[in-house]
Amino acid sequence: MSKRNFALIGATIVSLIYGVTFTIAKDVMPKYIDAYGFILLRAGGSMILFWLVWVFTRLPNAVRNEKIKREDFPRIIAAAFFGVALNMLTFFKGLSLTSPISASVIMVTTPIIVLVLSAIIIKERMQKRKVFGIILGLIGTAFLILYGKSVGSATNASLGNFLVFVNAVSYGFYLIIVKKLMDKYNAFTFVKWIYLFGFLMVLPFGWSQFDAVVWTLVPTDIYWKIGFVVLFSTFLTYLLNLLSMRELKPTTVAVFIYLQPLFATIFAISLGKDELSWVKIVSAILIFVGVYLVTQKKA
């Protein structure tokens, strides 16, 4: 299997995990733990996992001996701010105020934001095929979300939707910032630093909510869901995204966000919270065609 195909599979797995996360995270907050407390748990747990991997796994000597240059730490701090702190704080707070369906429809603006930012910041050319693919995916995703059932209730949809949009812009900046780090270093060399700085940034916001949790009242299934978000939705997805970005452009990685509502719908159908329809089938076809057009390399 080529490195590019491996990267595409990794990006697909990330979308699958995130698609499931919309519903799972909504089950946890704000009933058992408030958004910022959950973020502190997510960032802190992932930070520990990344440092444990660095300390206890047998990484190649070339990776273990790789040193980050001092002038690259500001970029790492910026990646921590946009990719961990602002990204998580706005998304989870927004998700706690709005519905998963509303959140996912706003998240699909990310590929368009990344396309524009890539053209401005790293001078990436806007190919007609990519633009057409992004538009097709956007149409398919919009239909899928507008005709899908909403899981959960929205307490302040306007503010929640705005915060999710800020998250989408933040994630777009992160993809572009981290791309230059990927071109220079191995992912294991800097991701532990991104999460260390990110954890320190969210600590002032999340500590009081984390400290207020009465853990003895939290059901066992909620513990499993928290573990899923920390281990899979954070640690594994960030690692797979970084490895994918070694082979793919930020615009290509971003377009996989279109698959998240599709996987979220499939997950909801499997739980009996939604039902299959022609609208969903046509939407799925549009999304897959859009992703295909964006991910194909130019001949």
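Coordinate-derived values only; no laboratory data. Treat the numbers as computed from the prediction; the structure is a model and nothing was measured. No Cβ is skipped: glycine too gets one built from the backbone with ideal geometry, and neighbour counts run over all protein chains shown.
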Inset, instruction - Could you order peptides 39-51, 5-17, 277-289 by the average number of other Cβ atoms within 10 Å of their residues, highest first? - result: 39-51, 5-17, 277-289
Inset, instruction - Please compute the Cα-Cα pair-distance distribution of segment 202-287 with 5 Å bins starting at 0, giving whole percents from short to long. - result: 3, 10, 12, 16, 16, 15, 15, 8, 5, 1
Inset, instruction - Assuming 0.890 mPa s and 25 °C, estimate D for the chain with Stokes-Einstein, Rh taken as the Kirkwood radius over Cα pairs, in µm²/s. - result: 126
Inset, instruction - Helix by helix through the chain, keep the DSSP H runs that span 30 Å or more along the axis on Cα and average at least -0.5 on Kyte-Doolittle, and give those back in order. - result: 3-28, 35-56, 157-184, 187-211
Legend entry - Cross-link pairs LYS26/LYS280; LYS69/LYS130; LYS130/LYS280; LYS93/LYS192; LYS184/LYS225 - those with Cα-Cα distance over 29 Å: LYS69/LYS130; LYS184/LYS225
Legend entry - segment 159-202 and segment 37-89: distance between their alpha carbon centers, rounded to Å: 10
Inset, instruction - Return the FRET efficiency for the residue pair LYS67, SER208: r is the Cβ-Cβ distance, R0 is 41 Å, and the value is rounded to the nearest 0.05. - result: 0.65
Inset, instruction - State, in angstrom, two size descriptors of segment 160-203 derived from its alpha carbons: Rg to one decimal place and Dmax to the nearest whole number. - result: 12.6, 37
Inset, instruction - Grab the DSSP H runs of the chain that are 4 residues or longer, score each as -39,500 (n - 2.57), total them, divide by all residues and round the 222 nm result to the nearest 500 deg cm²/dmol. - result: -24000 deg cm²/dmol
